[in-house]
1. Sort out for me the Cα centre separation of region 74-98 from region 50-72, rounded to whole Å.
2. Could you tally the net charge around PHE25, taking each other residue with its Cβ under 15 Å from the Cβ of PHE25, Lys/Arg +1 and Asp/Glu -1?
3. If you add up the charges near THR58, with Lys and Arg at +1 and Asp and Glu at -1, over every other residue whose beta carbon is less than 12 angstrom from its beta carbon, what do you get?
Amino acid sequence: MEITLKQISEGQLAIIQVLKQPMSFKLAYRMRKVARQLSAEIENIAVIRNDMIKKYGTKIKNTTQYQVPQEKIAEFTKELEDFLALRVVTPLEKIPFECLEAMEVTPLALLSLSPFLTDFKEDGSLPNIAKVEEDPLKAKKKA
């Protein structure tokens, strides 16, 4: 599966959200497998991001932390965005969308999960969804 580092980074929190919910053992196995496979990529992303912070930042006095000064934020952000746009190939097995249907997943989390689900298109939209001809709320008001 080909995916950007940004999608991996954004998907991490959504996967953690899903892993906290009750699910079948089969789905739990698949979700944990995805989480484990992504953990190495996430660790690498964090290391590179920290290196970038050190490159553009200054050390905060009496700490081991760095902070990027305001005048370097734009340059730092540009390099970070370029880095996160990198596409990598992972051996991830996508999860069928219907496996998550019974779970409580926020729309934002679902969007972050979309690259890891089989029933989503490249742009994150669902295929073959029937269009609603009329807004159900407006139809109720007419009646």
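Read the figures in this text as sums done on the coordinates, not as results from a lab. Here the structure is a predicted model, which means the values were calculated and not measured. We place every Cβ from the backbone using ideal geometry, glycine too, and count neighbours over all the protein chains shown.
1. 24
2. Neighbour charge sum, excluding PHE25 itself: +4.
3. Charge balance in the 12 Å sphere: +4.
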